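As structure tokens, the structure follows; a few thoughts come after it.
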Amino acid sequence: DAGVTQSPTHLIKTRGQQVTLRCSPKSGHDTVSWYQQALGQGPQFIFQYYEEEERQRGNFPDRFSGHQFPNYSSELNVNALLLGDSALYLCASSLVGARFTEAFFGQGTRLTVV
Amino acid sequence: GESVGLHLPTLSVQEGDNSIINCAYSNSASDYFIWYKQESGKGPQFIIDIRSNMDKRQGQRVTVLLNKTVKHLSLQIAATQPGDSAVYFCAENTGRRALTFGSGTRLQVQP
């Protein structure tokens with residue numbers, strides 16, 4: 001049983017460009033959350049998707065948007081990239097209503113903006 | 001491998017010793033706390049959790065202590081092993097949808 005898979009693992013973009021990151025949740029999970037982890041810091045919550053809708057959002061600008069597909073997979077889109085967007089982007093999947101103990105993180109996508 | 005954090009506080013212990021990692025949290029309304037372990041190149045991995053109505057919970061080789069009076073959380077690892085070397089994060093939850101993570105502590109286990 002595959003866990004949470006994210007693609008790509010590494011990505012280099014130029015300032016001002018747009019990027020799309022992908023996440024496939026663990027089998028049986030229907031909820032996907034995205035986190036940004038800057039180097040040397042803990043992850044910061046971006047948003048969560050369930051039933052193809054954004055349920056909650058953290059303190060991130062509108063340049064960060066997402067989508068969830070009927071198969072529960074999800075995308076994170078970032079427009080007008082800034083150098084400060086360089087970070088590890090983590091996806092976590094869970095089952096709606098489940099405790100956080102049952103949330104699983106992917107290995108992340110390392111985004112570098114130059 | 002990918003480095004999780006380059007400038008984190010570091011706790012260095014000898015193999016076989018007990019480790020204590022501390023965390024201060026900010027929100028007195030938090031009702032749920034979790035410790036995560038993050039190895040280089042990997043996402044956070046659940047270790048143990050505790051609800052706010054408890055002050056201690058034990059797992060396999062790990063114990064979490066919660067002191068709500070001073071908003072302090074600690075993770076104790078017994079008989080620390082080289083495989084325990086990683087960055088450890090505490091996280092708190094005030095609702096069901098988002099976790100707020102602390103800044104992390106790097107644990108280095110010396111053989």
All-but-one check, A:Tyr35 against (1) outside any loop (DSSP other than H, G, I, E, B); (2) surrounded by fewer than 18 Cβ atoms within 10 Å (Cβ to Cβ), failing number (2)
Given the condition more than 9 Å from chain B (Cβ to nearest Cβ) and surrounded by fewer than 17 Cβ atoms within 10 Å (Cβ to Cβ), answer yes or no: does some residue in segment A:42-49 qualify? no
Answer yes or no as to whether A:Tyr35 is more than 11 Å from the chain's Cα centre (by Cα), within 12 Å of chain B (Cβ to nearest Cβ) and touching a residue at least 40 places away in the same chain (Cβ under 8 Å). no
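Among the residues of segment B:94-111 satisfying the criterion of being within 14 Å of another protein chain (Cβ to nearest Cβ) and crowded, with 20+ Cβ neighbours inside 10 Å, which is modelled with the lowest pLDDT?
B:Ala98
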Within segment B:61-111, can you find the residues that are polar (S, T, N, Q) and either free of Cβ contacts under 8 Å to residues at least 40 places away in the same chain or more than 27 Å from A:Val32 (Cα to Cα) (or both)? B:Thr63, B:Asn67, B:Thr69, B:Ser74, B:Gln76, B:Thr80, B:Gln81, B:Ser85, B:Gln108, B:Gln110
Scan segment B:69-91 residue by residue and report those that are surrounded by 14 or more Cβ atoms within 10 Å (Cβ to Cβ), part of a loop (DSSP other than H, G, I, E, B) and modelled with pLDDT under 95. B:Lys71
Give me the pairs, please: first residue somewhere in segment A:69-87 and surrounded by fewer than 19 Cβ atoms within 10 Å (Cβ to Cβ), second residue anywhere and acidic (Asp, Glu), beta-carbon distance under 9 Å, and either six or more positions apart or on two chains. A:Phe69/A:Glu52; A:Phe69/A:Glu75; A:Pro70/A:Glu52; A:Asn79/A:Asp62
Check segment A:97-107 and report whether any residue there is hydroxyl-bearing (Ser, Thr, Tyr) and part of a strand (DSSP E or B). no
Could you please let me know if B:Ser12 is of a type in the set (Ser, Thr, Tyr) and over 16 Å from the mean Cα position of the chain (by Cα)? no
Name the residue, out of A:Asp62, A:Asp85, that is out of contact with any helix residue (DSSP H, G or I) (no Cβ under 8 Å at 6 or more places or on another chain) and either at the interface with another protein chain (Cβ under 10 Å from one of its Cβ atoms) or farther than 23 Å from B:Lys42 by Cβ (or both). A:Asp62
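The values are calculated or read from the model by the stated rules, or taken from the named source; none is laboratory data. Being a predicted model, the structure only gives us computed values, none of them experimental. A quick note on method: Cβ atoms are made from the backbone with ideal geometry, for glycine too, and the neighbour counts reach across all protein chains shown.
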